[in-house]
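Some notes on the structure that comes next.
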There are 2 protein chains.
Amino acid sequence: MVVVGAGLAGLTAARELLRAGLEPLVLEARDRVGGRTLGRTADDGTVLELGGQWLADGNERMGRLAREAGATLFRNHDEGADLLEMSGELRHQRGAVPPLKPLALLDVALARFRLDRLVAAVPVRTPWHAPDAARLDDTSIGDWLDRHTRSREGRALLDLAFTTMWGAEPHRLNLLQALAYIGSTGKFDNLTTTKIQDRITGGAAGVARFLADGLGERVLLEAPVTAIRLTAGGVEAESAQGAVRARRAVIAVPPQLAADIRFEPGLPHDRATALRSVPMGAVTKVSALYDRPFWRERGLSGKALTGRGPLTAVFDNSAPGDGSPGVLVGFVPGTRARELAALPEDDRRRAVLDSLVRLFGPQAGTPGLYVEKDWAADPWSRGGYFGLPALGTMTGAVRTLAEPHGPVHWAGSETVLKDYGGMEGAVTSGERAAAEVLAAIGEAAVQPA
Amino acid sequence: MVVVGAGLAGLTAARELLRAGLEPLVLEARDRVGGRTLGRTADDGTVLELGGQWLADGNERMGRLAREAGATLFRNHDEGADLLEMSGELRHQRGAVPPLKPLALLDVALARFRLDRLVAAVPVRTPWHAPDAARLDDTSIGDWLDRHTRSREGRALLDLAFTTMWGAEPHRLNLLQALAYIGSTGKFDNLTTTKIQDRITGGAAGVARFLADGLGERVLLEAPVTAIRLTAGGVEAESAQGAVRARRAVIAVPPQLAADIRFEPGLPHDRATALRSVPMGAVTKVSALYDRPFWRERGLSGKALTGRGPLTAVFDNSAPGDGSPGVLVGFVPGTRARELAALPEDDRRRAVLDSLVRLFGPQAGTPGLYVEKDWAADPWSRGGYFGLPALGTMTGAVRTLAEPHGPVHWAGSETVLKDYGGMEGAVTSGERAAAEVLAAIGEAAVQPA
């Protein structure tokens, strides 16, 4: 069995295949495993999370894997006032209600009533069965907001929420996808509430390393797969390190990257279209390390939203316990990420730290370590957080993303609807793909040779 | 193995035990299986649902069982205007926003922001780990609403919502339990949105009958268990049909009923307290059958909320397809149920039909069949929809509800936090209890005799 991609999806698939007595070989393009999870260890041992890091309540598979890997989960810090920088003002949010002007607050509240109702009508696992699915699929979140918001400030907060969480501006976001995503993850409330999120000691990428350790030499790094040939006996995967034959393949890379693999014979039209219909969002994630979480001493939670940029959202990402050393993590999503990327390194750093100083004071301007990760510039992710189905594709080609193509199976967090785009979804997809392979092989075994 | 109770929890546990090669015997007090699921078949074959009936998106276990049982799922009707009877007026709700006066609407919107934030901080499976858990546990929803609502109408809608969904007035509801329940089921939005709900063709009780069929003579009806004795070899369950010895027992009845079983030796204080700390809510469910769903012709969805009573909520419960025959299902929760129960049968019927006429017009007054089920009057349920932890008990005794007591295991939808109180939770609990039994027996097998 050949598995393409050593992110959480591919590693999970390989582990399940190995457990079932098969011999998987994982081909990974990068010089590391972990895909969109990535840690950077500071001199003092603190792991800065540069990729996926949060587990929502109910992400049981990832929680179990983390514990198997010897890590523990800890709750993200959530005490003190949140900040909202809006209409040129820095406002404190101490309770649950966003500090907006009255009309803006009403606007946001009404939008939520309306979104809730839409979300409730969309089946998470089969959004194309929603009433009016085709119309929702053809509509962008931006179009919807144009029609359903009236206040400048309310709209600005909603824009911020969507852009931050999806890694693209609302006019690029597919309403049907967004509704299914909200229904699956409950994540839209993240901006107005603080959803329970757990972090993993030692960093989320440790889970991928643990899975890879269990596979030993069955993971081949720096082996980008350029072609998949369907043969009489199964598949042949051509990589930088030579060709590998196997009975079946699991492709566990994002659709946008899978689209660059040459299939022989070529993929059917629908499948090829599907892979090209889910371009990645864009996000640059930054981390700033300080001696201690000084903002907490001033009664701040470390959470902030700002419309001024380049950062749109900041969270306290400090160590558990007393939070020392202190870490602020920030997100620069969508076009802001592309604009930031165009600047020289020093200017990028200054722009981000200026944001942090505006929010948290001068101490924020001199971190002991500053790290940024531009996921759109990473050739083996080409974006983040996840793939964004183009308008009109959810009820069409994208429905087929998870369907096997002969001996080729598909994994990755874009091939599930529940927990789409996250670590839990990646693991689920890997388990599902492995189960498909086992079922197919079981069937093949009883067929006459 | 002896299983007490042939609701979905007990039957699921027994099925899993049988599958594992053990011989379960299910002792059921009633003359039927199904517990809090119950159907009544009209002369024309229409099944009126008198108990649990709805599957939420994600209730996968029940969905799978229903399909195994040969049933299919169909979406509840959701087209047309909802009705809200409030402040003496009958209002139509066509979009997502409740037709409230502006201040009331703001009040409800702010309450939802605040509830969302609280819900987000409560881990669904371990609510006692929430920050401030003890304080939340000591607070009633009513107290919380007293502090956080300002408008009469907004408060009235929220009261209606909680009372209808929990089967008790807000001052009896444990805030911590309510938050965990909302987090687990997403159900609070039910009143302002219309959450996806599926129904089961032939009625939900058909799933229980299917499970019972698979167990054959291993289900004993009219065998209420009065005592459980812990013996050297395991347990002895005394029922109206004689004593049964077994290595282990699964008690799959609501805590309030389990509390009436005599344990020898007596249960430890905490466990005994736990069983007495979860009294049932109260609800009377009524169904009215009509030739066709006439309200749809008038652009009504069949969904209504009313503060006037005795009904507080009505839904379209018609057959799939064109909806003929038409069925309206209504709920009379909490003290309203107790007040209604005090009236003679004719008066009860008249009071309920008067509500329906007020909402849906004179045609609603003459159903072809009218059925009511007062769950509080049912000696083997003694209430509905589910057990309501008393104030202060969630962080205390109630935490132990699912913990085995020697050879005695506990199932039932009150012993899970995820999908608490519903059919999915019942099935989950039965699977969990069976797994516990199997694990315990496995361990026992390797111990020296």
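Give me, ordered by chain and number, the residues 5 or more places off B:LEU38 or on other chains with an amide H under 5 Å from its own placed amide H.
When sequence neighbours closer than 5 places are left aside, the close amide H contacts are B:LEU50, B:GLY51, B:GLY52, B:ALA205.
Can you pull the one-decimal nm distance between simple spin-label points at A:ASP354 and B:ARG91, each 7 Å off the Cα toward Cβ?
Going by the 7 Å Cα→Cβ label model, 4.8 nm.
Please figure out what share of the DSSP beta bridges in chain B is antiparallel and state it in percent, rounded to the nearest 5.
Approximately 70 percent, going by the DSSP bridge assignments.
Could you run the Karplus curve 6.51 cos²θ - 1.76 cosθ + 1.60 with θ = phi - 60° over the stretch A:239-249 and give me ³J(HN,Hα) per residue in whole Hz, x for Gly and Pro?
So the J values, rounded to whole Hz, are 10, 4, 10, x, 9, 10, 9, 7, 6, 9, 10.
Can you list the distances in nanometres, one decimal and ascending, from the A:ARG308 label point to the identical position in each other copy, with the point 7 Å along Cα to Cβ?
Reported distances to equivalent positions: 5.6 nm.
As I understand it, the dipole of the stretch A:103-187 uses +1 on the Cβ of Lys and Arg and -1 on the Cβ of Asp and Glu, about the Cα centre. Which of A:LEU145, A:GLY186, A:LEU176 lies farthest toward its positive end?
A:GLY186
What distance in nm separates the two pseudo spin-label positions at A:ALA272 and B:ARG276, each 7 Å out from Cα along the beta-carbon direction?
About 7.4 nm separates the two model spin labels.
Please list, in chain and number order, the residues 5+ apart from A:ARG75 or on another chain whose amide H is under 5 Å from its amide H, with Hs placed from the backbone.
Result for A:ARG75 returns A:ARG199.
Rounded to the nearest 20 Debye, what is the dipole magnitude of the protein assembly as shown about its Cα centre when Lys and Arg each give +1 and Asp and Glu each give -1 at the C-beta?
In total the dipole reaches around 840 debye.
Quick check on the exposure proxy: order A:ARG30, A:ARG19, B:ARG112, B:ARG292 from fewest to most C-beta atoms within 10 angstrom.
Starting with the residue having the fewest Cβ neighbours, the order is A:ARG19, B:ARG292, A:ARG30, B:ARG112.
Cα centroid distance between the stretch A:89-137 and the stretch A:209-287, in Å?
36
Arranged by the count of other C-beta atoms within 10 angstrom, fewest first, what order do A:HIS129, A:HIS77 take?
A:HIS129, A:HIS77
Relative contact order of chain B: what whole-number percent is it, with Cα pairs under 8 angstrom and at least 6 residues apart? Before the final figure, lay out each step's value.
On the way: 967 pairs, mean separation 110.9, N = 449.
Averaging sequence separation for qualifying contacts and normalising by length gives 25 percent for chain B.
Just subtract the alpha-carbon distance of A:ARG308 and A:THR400 from 0.36 nm times their residue separation and send over the number in nm, one decimal.
Numbers: separation 92, 0.36 × 92 = 33.12 nm, distance 3.94 nm.
Length gained, A:ARG308 through A:THR400: 29.2 nm.
List the distances, in nm and shortest first, from the label point of B:GLU403 to the matching label points in every other copy, placing each point 7 Å from Cα along the Cα-to-Cβ direction.
Here the equivalent label points are 5.1 nm apart from this one.
Any aspartates and glutamates with Cα under 15 Å of the A:LYS303 Cα? List them, leaving off those in the same chain fewer than 8 positions away.
Excluding near neighbours in sequence, the set is A:ASP78, A:GLU79, A:ASP82, A:GLU85, A:ASP189, A:ASP316.
Using only alpha carbons, build the gyration tensor for chain A and give me the equivalent ellipsoid semi-axes, biggest first, whole Å.
Working: eigenvalues 282, 137, 68 Å².
Values for chain A, descending: 38, 26, 18 Å.
Once the dipole of chain A is set up with Lys and Arg at +1 and Asp and Glu at -1 on Cβ about the Cα centre, which of A:VAL225, A:GLY425, A:GLY39 lies farthest towards its positive end?
Highest projection toward the positive end goes to A:GLY425.
Spelling out what I want: for every residue of the stretch A:71-76, take phi, set θ = phi - 60°, compute 6.51 cos²θ - 1.76 cosθ + 1.60 (Karplus), and round to whole Hz; glycine and proline get x.
Each residue of the stretch A:71-76 in turn: 8, 10, 9, 9, 6, 5 Hz.
When chain B is turned about an axis onto chain A, which of its residues keeps its C-beta closest to that axis, and how many Å is it?
Closest Cβ on chain B to the axis mapping it onto A, in Å: B:ALA109, 2.
For label points placed 7 Å from Cα toward Cβ, what is the shortest-first list of nm distances from A:ALA341 to its copies?
6.5
Of A:GLU169, A:GLU28, A:GLU222, which is the most mobile in a GNM of chain A whose springs link Cα atoms less than 10 angstrom apart?
A:GLU222
Going by how many other Cβ atoms sit within 10 Å of their own, how do B:VAL3, B:VAL122 line up, fewest first?
The order, fewest Cβ neighbours first, is B:VAL122, B:VAL3.
Viscosity 1.306 mPa s, temperature 10 °C: give me the Stokes-Einstein translational D for the stretch B:103-187 in µm²/s, with Rh taken as the Kirkwood radius over C-alpha pairs.
Rounded to a whole number, D works out at 124 µm²/s.
Among A:LEU50, B:ALA133, B:SER277, flag the residue with its Cα farthest along the positive direction of the charge dipole of the protein assembly as shown, charges on Cβ as +1 for Lys/Arg and -1 for Asp/Glu.
Ranked along the dipole, the leading option is B:ALA133.
Can you give the charge dipole size of chain B about its Cα centre, rounded to the nearest 20 debye, using +1 on the beta carbon of Lys and Arg and -1 on the beta carbon of Asp and Glu?
Magnitude of the dipole: close to 620 debye.
Just how large is the dipole of the stretch A:103-187 about the Cα centre, in debye to the nearest 20, putting +1 at every Lys and Arg Cβ and -1 at every Asp and Glu Cβ?
180
What is the set of long-range amide H partners of A:ALA411 at a cut-off below 5 Å, with H atoms built 1.01 Å from backbone N?
Result for A:ALA411 returns A:ILE251, A:ALA252, A:VAL253.
Cut-off 10 angstrom, C-alpha nodes, Gaussian network model of chain A. Which of A:LEU391, A:LEU105, A:LEU83 fluctuates the most?
Judging by the Gaussian network model, the answer is A:LEU105.
Every number here is computed from the coordinates shown, using simple stated rules; none is lab data. Every value quoted in this text rests on a predicted model; they were computed, and no experiment measured them. Positions of Cβ are backbone-derived with ideal geometry, glycine not excepted, and every protein chain shown enters the neighbour counts.
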